[in-house]
């Protein structure tokens with residue numbers, strides 16, 4: 001029978017596996033397929049929303065979508081840190 005792990009133990013096991021993987025492999029090479037796929041989603045989103053744009057304009061707008069997503073993530077992180085600080 002498999003041993004049940006607590007959420008903290010699962011997190012520790014995942015961190016251990018990630019550290020072991022990064023010790024063996026180049027991090028940029030490992031994550032490149034995910035970065036490529038995400039970039040393609042930005043491009044597809046622009047092309048779906050505004051068909052007929054030049055490739056140059058699609059890339060420009062996709063870059064703005066990427067930057068907007070990074071800003072949203074930074075804002076969410078900032079809010080979470082402020083919430084955590086208020087709880088302490």
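Checking the conditions here, which among 28, 24 is exposed (fewer than 10 other Cβ atoms within 10 Å of the Cβ) and under 26 Å from residue 69 (Cβ atoms)?
28
Just to be sure, is residue 56 out of contact with any strand residue (DSSP E or B) (no Cβ under 9 Å at 6 or more places or on another chain) and either surrounded by 11 or more Cβ atoms within 10 Å (Cβ to Cβ) or modelled with pLDDT under 95 (or both)?
When the stated conditions are applied, residue 56 does not pass them.
Could you give me the residue pairs with C-beta distances under 9 Å whose first residue belongs to region 1-28 and is assigned to a helix (DSSP H, G or I), whose second residue is at pLDDT 95 or above wherever it lies, and which are 6+ apart or on separate chains?
Final answer for the pair search is 28/35.
The values are calculated or read from the model by the stated rules, or taken from the named source; none is laboratory data. Every value quoted in this text rests on a predicted model; they were computed, and no experiment measured them. Cβ coordinates were reconstructed from backbone atoms using ideal geometry, including for glycine residues, and neighbour counts include every protein chain displayed.
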